[in-house]
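J.: One structure, as structure tokens, below. Some questions next.
The values are calculated or read from the model by the stated rules, or taken from the named source; none is laboratory data. Because the structure is predicted, anything quoted here is derived from the model rather than measured. Methodologically, a virtual Cβ is constructed for each residue, glycine included, from the backbone with ideal geometry; neighbour enumeration extends over all protein chains shown.
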Amino acid sequence: MGHRLKLGLNLASLVCLFGALFLFDRFGSAYQVRILNNMAIFITLAVSYNLINGVCGLLHLGPNAFIAIGAYTSALLTMSPAEKQMNFIIEGLVWPLNVIHVPFGVSLLAAGFMAAAFAFVISFPVFRVRGDYLAIVTFGFGEVVRVLCNAAQSLTNGSLGLKGLAEHTNLWWAWGVAAVTIVAIKKLVDSSYGRAMKALREDETAARAMGIDPFRNLLLAFMISAFFSGVGGGLLAHLITTISPTLFTFMLTFNLLIIIVVGGLGSTTGAVLGAALFAWGGEALRIVENPIDLGFVTIPGIPGMRMVMFSLILMLVIIFARKGLLGRREFSWDFVAGKMKRLGGGR
């Protein structure tokens, strides 16, 4: 398939996506819009997280730290001085954050850069270890950030959190950032840097022998992943409009890990698919918690059954698709064209 045709199909897909978003924005219910916003944010977080765990092959268990940093950074920058004064009732917010007020877009960029700066600082101890030790170190950093958010009263308002944030996150912001994240990560993975990251995933010793610098390439992936995680945290903060340290526990990391494992480690397409299924499926399964009338019998709703069903589905995926739904495969128009040719030939 020619390059121009692929470009045209990509543009047509974007037009269809934003056309659908326009329809939901104008005619969709608040519930539908909320699910779509959640889906887009989880796509951003999952695709960026997959860059480290899937493409680079490192077991990183601290994305909740970057999301928390991004959420608090964006929230503090968009709140007006009056709103900050109303929130920080026990101890005042430190200067100059107590007087700074910037537009939402600027706050998202600041959130991404702040998370990337934190990733740069912790990369020096993190990349001195590998395997389970790296998982423990990154998990520890995630917990340290959460505890600091709980203790830094003059910076994060401690356990009280931040309330009354403006609901800036909408379909255009959420899906626009998701689209930029997918394109940026895909371009990186397909570049020479991405091939170096994959080589490190397969055999770091052999990659080092071929002249690949592990620290430089892993640092690049770590900072880019942190940047988009921070931006996703900013979007999340301005979607739910209330944040506190309890929002950024290890459970958030665990959910992202489930998403990329189910979708397929190393596959950007798999991360998108996994995030979409997680956001939509979690809501669709609520039906099992409500009474179901089959005509001849009524099945009572069981609270918590949604998570039981979710766990069973997850077990089935892991048993029958051990590499995830897509493995390391990616969506391509050539694959679609090949399937269409086969279907046409079968007729």
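J.: Scan segment 243-254 residue by residue and report those that are touching a helix residue (DSSP H, G or I) at 6+ places or on another chain (Cβ under 7 Å) and either of a type in the set (Asp, Glu) or surrounded by fewer than 24 Cβ atoms within 10 Å (Cβ to Cβ) (or both). I'd like the intermediate steps shown before the answer.
T.: First, pick out the residues of segment 243-254 that are touching a helix residue (DSSP H, G or I) at 6+ places or on another chain (Cβ under 7 Å): 243-245, 248-250, 252-253.
Result: 244, 245, 249, 250, 252, 253.
J.: With the requirement that a residue be surrounded by 19 or more Cβ atoms within 10 Å (Cβ to Cβ), in contact (Cβ under 8 Å) with a residue 60 or more places away in the chain and farther than 30 Å from residue 254 by Cβ, what does segment 64-93 give you?
T.: 88, 93
J.: Within segment 57-90, which residues are part of a helix (DSSP H, G or I) and among the hydrophobic types (A, V, I, L, M, F, W, C)? Don't jump to the end; show me each part of the working.
T.: Pass one, segment 57-90, residues part of a helix (DSSP H, G or I): 63-78, 81-87.
Correct list: 65, 66, 67, 68, 69, 71, 75, 76, 77, 82, 86.
J.: Between a first residue in segment 223-245 that is free of Cβ contacts under 8 Å to residues at least 40 places away in the same chain and a second residue that is surrounded by 24 or more Cβ atoms within 10 Å (Cβ to Cβ) and of a type in the set (Val, Ile, Thr), which pairs have beta carbons less than 7 Å apart while being 6 or more apart in sequence or on different chains?
T.: none
J.: Ok, one more. Scan segment 298-321 and give yes if some residue there is closer than 30 Å to residue 195 by Cβ, out of contact with any Asp or Glu (no Cβ under 7 Å at 6 or more places or on another chain) and either modelled with pLDDT of 85 or more or buried (at least 16 other Cβ atoms within 10 Å of the Cβ) (or both), otherwise no.
T.: Yes, segment 298-321 has at least one match.
J.: Among the helices (runs of 4 or more DSSP H) contained in segment 234-347, which hold 2 or more residues that are closer than 24 Å to residue 173 by Cα?
T.: 250-263, 268-284
J.: Mind telling me which of the residues 11, 59 ends up being out of contact with any His (no Cβ under 7 Å at 6 or more places or on another chain), free of Cβ contacts under 8 Å to residues at least 24 places away in the same chain and either loosely packed, with under 12 Cβ neighbours inside 10 Å or closer than 22 Å to residue 185 by Cα (or both)?
T.: Within the list 11, 59, the selection yields 11.
J.: Within segment 100-136, take every residue that is crowded, with 16+ Cβ neighbours inside 10 Å and of a type in the set (Val, Ile, Thr) and give me the one that is nearest to residue 61 (Cα to Cα).
T.: So the residue we want is 126.
J.: Would you mind listing the helices (runs of 4 or more DSSP H) fully within segment 137-222 where at least 1 residues are of a type in the set (Ser, Thr, Tyr) and surrounded by 14 or more Cβ atoms within 10 Å (Cβ to Cβ)?
T.: It comes to 153-156, 171-190, 192-202.
J.: Considering only segment 234-249, how many residues are hydrophobic (A, V, I, L, M, F, W, C) and more than 16 Å from the chain's Cα centre (by Cα)?
T.: First, the residues of segment 234-249 that are hydrophobic (A, V, I, L, M, F, W, C): 235-237, 239-240, 243, 247-248.
So of that shortlist, the ones also more than 16 Å from the chain's Cα centre (by Cα) come out as 243.
Total satisfying the criteria: 1.
J.: Let me ask something additional. Is it the case that some residue within segment 269-283 is within 22 Å of residue 184 (Cα to Cα), touching an Asp or Glu at 6+ places or on another chain (Cβ under 7 Å) and crowded, with 19+ Cβ neighbours inside 10 Å?
T.: yes
J.: Six or more apart or on different chains, Cβ atoms under 7 Å: show the pairs whose first residue is in segment 140-153 and more than 11 Å from residue 245 (Cα to Cα) and whose second is crowded, with 17+ Cβ neighbours inside 10 Å and among the small types (Gly, Ala, Ser).
T.: 141/62; 141/65; 142/62; 142/65
J.: Separate question: Among the numbered conditions (1) modelled with pLDDT under 95; (2) part of a helix (DSSP H, G or I); (3) within 20 Å of residue 236 (Cβ to Cβ); (4) touching a helix residue (DSSP H, G or I) at 6+ places or on another chain (Cβ under 9 Å), tell me where residue 112 comes up short.
T.: Residue 112 satisfies every listed condition except (1).
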